[in-house]
1. Output the strands (runs of 3 or more DSSP E) that fall wholly within the range 244-343 and possess 2 or more residues being among the β-branched types (Val, Ile, Thr) and within 25 Å of residue 484 (Cβ to Cβ), or say none.
2. State whether one or more residues within the range 253-264 are surrounded by 19 or more Cβ atoms within 10 Å (Cβ to Cβ), in contact with a Lys or Arg (Cβ under 7 Å, 6 or more places away or on another chain) and at pLDDT 95 or above.
3. Out of (1) in a helix (DSSP H, G or I); (2) free of Cβ contacts under 8 Å to residues at least 24 places away in the same chain; (3) not hydrophobic (A, V, I, L, M, F, W, C), the odd one out for residue 126 is which?
4. Which of the residues spanning the range 151-171 are within 18 Å of residue 447 (Cβ to Cβ) and part of a helix (DSSP H, G or I)?
5. Looking only at residues in the range 621-651 that are surrounded by fewer than 21 Cβ atoms within 10 Å (Cβ to Cβ) and aliphatic (A, V, I, L, M), which one is modelled with the highest pLDDT?
6. From the list 241, 304, 250, 284, which one is at pLDDT below 90 and either under 14 Å from residue 333 (Cα atoms) or of a type in the set (A, V, I, L, M) (or both)?
7. Return only the number of the condition from (1) in a strand (DSSP E or B); (2) surrounded by 14 or more Cβ atoms within 10 Å (Cβ to Cβ); (3) without any contact (Cβ under 8 Å) to a residue 60 or more places away in the chain that residue 553 does not satisfy.
8. Modelled with pLDDT of 95 or more and touching a Lys or Arg at 6+ places or on another chain (Cβ under 7 Å): does that describe residue 340?
Amino acid sequence: MDNTLKNKGLVLLRTALQVPSAEFRAGQWEIIEQLVNDNAHLLVVQRTGWGKSVVYFIATKLLREKGTGPTLLISPLLALMRNQIAAAERIGLSAKTINSSNHNEWYQIYSDLEEKKIDILIISPERLSNEEFREKLLPLAQTVGLFVIDEAHCISDWGHDFRPDYQRILRILQILPENIPLLATTATANDRVIEDIRSQIGERLGIFRGPLARASLILQNISLPSRAERMAWLAEYIPKMPGSGIIYTMTVKDSDRIARWLQSQGINAQAYSGESESSYRERMEQELLENKIKVLVATSALGMGFDKPDLGFVIHYQRPGSVVAYYQQMGRAGRALPQAYGILLAGEEDQEIIEYFIKSAFPKEEHVVTILGELEKSDDGLSIPMIESRTNLSRSQIENVFKIISVETPSPVVKNGSHYHATAITYTINKTKIERLTSLRHAEWNRINEYLQSRSCLMMFLQRDLGDYDAKPCGKCSVCVGHVLIPDRPSEDLIIKARQFLYTNQHVISPRLQWPAGISFSEEKWHGRIPEELQANPGRALSSWGDGGWGELVKSGKRANHFDNKLVHTMYDLIENQWKPDPMPTWITCVPSLRKKTLVKNFALELAGLLNIPFVDCIRKIKETNPQKMMKNSFQQVRNLDGAFEIDQDNIIDGPVLLIDDMVDSRWTFTILAAMLQSAGSGPVYPCALTNTQGKDVL
């Protein structure tokens, strides 16, 4: 053994961890040594918090001192990249990332790479889909000193978080010199995933696999079906949790809702999701790292690799889709603490959310056929907005098709700039594979439900599901100790408060600012940016369809063709005491329907009476339209409404107006009518709906 090299490694380890007496964990030095001295290809499967990133940072430092080129690190999440850059810099490595949020830095990074000033380049697998970047990467690939694939389970379609863009990594491997060391790392790969990764990377791949037990974690499962019960439980027990932590939710809407609820109860909580601005996410990560907030309520956007060693707890507001996803997320907690909590809550809506994710994971065959058919008709290729104008497919459905078929080898499409072109390849979607993976996802969901009901050690259950068959009972979880560790029922007073919160959980209806690309419609020939004087003002929706609170009452009212008088009084309270639009509307009108002619009109009339302002029936629907929920993108939604309404200009009042509808989804009905009303001489238009149906099946 090269003791001089190991001593250098130890110095780097202690610097990285900022612990003067730190020693390598079992296997860490052996992996580093094989990478540095033997140019090995290795897959490391170790528990979260074991120190996989330390291994490749120290290996990079030692390889750079030998005169090799930079490390190329494939990393899946921006949050993870930021952690990795900070960790690399602690041992004197220059680490840079090229991602969607730092476009203005790319030129300098490319220049620094050419001048050999960068030790580690961190990129996402999605970046490999960019043709310009691939051209820049080709010469770099010949000089790479170490190739690292973090969260390598994403390569395998058997993995819980398979990402098609990870398949592009295999093309990079093909152009790397054979003597380049390679390290793939993950905490969540069972036997099947390991074999799949090896079959794709190559039989040369050695496996380092360690025990997956997390000795510091105390696990407990709690079933609380209603949202109000779980919200009350969080409000009661989050303040009693050690340090700061994370609450994971399955949807962006829930992350926002739970954060606002906890804030209303005096708890320092913030929401975090992939829809948050990059600068906001970075600030929230830092505030959590510095214990400036009690809890971050996050989607899976804050997941793999986020490293806060003293995170005191991870709580799941809903069941995740698999045991391995749960292990990966709860593994954020207790990395450098003697004790931390992992609590799984379960609710009545979990099944519906998971079914949606499973159903939308792969494109439908008819979507693939439709898009390829349109591309074949076009000599110049089509952009995504152009495809929207030619098909009734949503942007996410179109992007999902391209995400799958563009990584096929050979691919039936090529991308040039923003346009996709059909190739000569005849493509048929692999229905057998999709059926297999869909069946696997359902099996994984069944396993998380078995975990929820487990009567054996919870940590042992997780370990064995991930292939750690030597697992022993942890002696700490609620099953091992034989009783609940944290009470599983919140106070009735808090449940009542949570229900009240749900009943006042209004939604802002943000105004549309731009007509869909490529469309020009109505006598006004509207296109491009919507003039400010024709834009709707920010509006309000009283509820979310079916989501507890008033959403359930709206749902039953739609079916009965009559809205309960409670909704009228609640809307009045929202307008007068909570929203308080300025200037306050001086009259009311409503969106007419040819199917249910009196439903919304009667509601608007009653509301006008309470507000003591006139109702003016000035909008007429002159042609039948398809339900907007059936229109899958903005182009088709606007086209569906073109020429559907006319305004009775003789009855228009020159003053701010409340525009009432029962449901809001795409916001285009409100947008078009706001423009028409203001063109006809009304004042500012305030959209107001009983419920927000975005993302909900209401047909």
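The values are calculated or read from the model by the stated rules, or taken from the named source; none is laboratory data. Keep in mind that this is a model prediction, so the values were computed, not measured. In this analysis, Cβ positions are derived from the backbone assuming ideal geometry, glycine residues included, and neighbour counts consider all displayed protein chains.
1. 245-248, 295-298, 313-316
2. no
3. Just one mismatch for residue 126, condition (2).
4. The one that is within 18 Å of residue 447 (Cβ to Cβ) and part of a helix (DSSP H, G or I): 153.
5. Taking the candidates together, the pick is 647.
6. Answer to the selection: 304.
7. The number of the failed condition is (1).
8. So residue 340 does not fit the description; no.
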